Amino acid sequence: MKITLSLFAAMLACPQAAAFVVSRQTRSMPAVAATKLTDIELMGIENTAELCVADVLVEDCDLEEHEALVNRLQEQKDILGKEVAEIDSILSKLKGHTVDGHSLGDLAP
């Protein structure tokens, strides 16, 4: 179980398979641009997080693994927040526009 969680932590810190090395040694990971996770990647993180917070398995997830999970999820929250802001901006522009004498602001929220 410890090795599996370490593998997930390594994947979270550096998603490129080429940089993926199984090791318990502490090493600095190369900087990786934040990218939106796929549904499968997000499910893997969710499963790992559930294992880390389970009362029975709490000793299998160390501080570095917790930190990697939190950092990766925070990156996703930031990415998705920017996407939502962009969508809101586009909606505002569309709702402020009139087409053939009809106000688009009257459409569903």
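Within the stretch 36-50, the set of residues being open to solvent by less than 90 Å² (accessible area, probe 1.4 Å) and part of a helix (DSSP H, G or I) comprises Glu41, Leu42, Gly44, Ile45, Asn47, Thr48, Ala49. With the structure loaded, tell me whether Val53 is at pLDDT 90 or above, of a type in the set (Val, Ile, Thr) and surrounded by fewer than 16 Cβ atoms within 10 Å (Cβ to Cβ) or whether it fails that test. Here the answer is no, as Val53 does not meet what is asked.
The values are calculated or read from the model by the stated rules, or taken from the named source; none is laboratory data. Treat the numbers as computed from the prediction; the structure is a model and nothing was measured. Counting neighbours? That spans all protein chains shown, and the Cβs are built from the backbone with ideal geometry, glycine included. Surface accessibility is based on the protein's heavy atoms, side chains included, excluding ligands, DNA and RNA. Shrake-Rupley method; radii C 1.70, N 1.55, O 1.52, S 1.80 Å.
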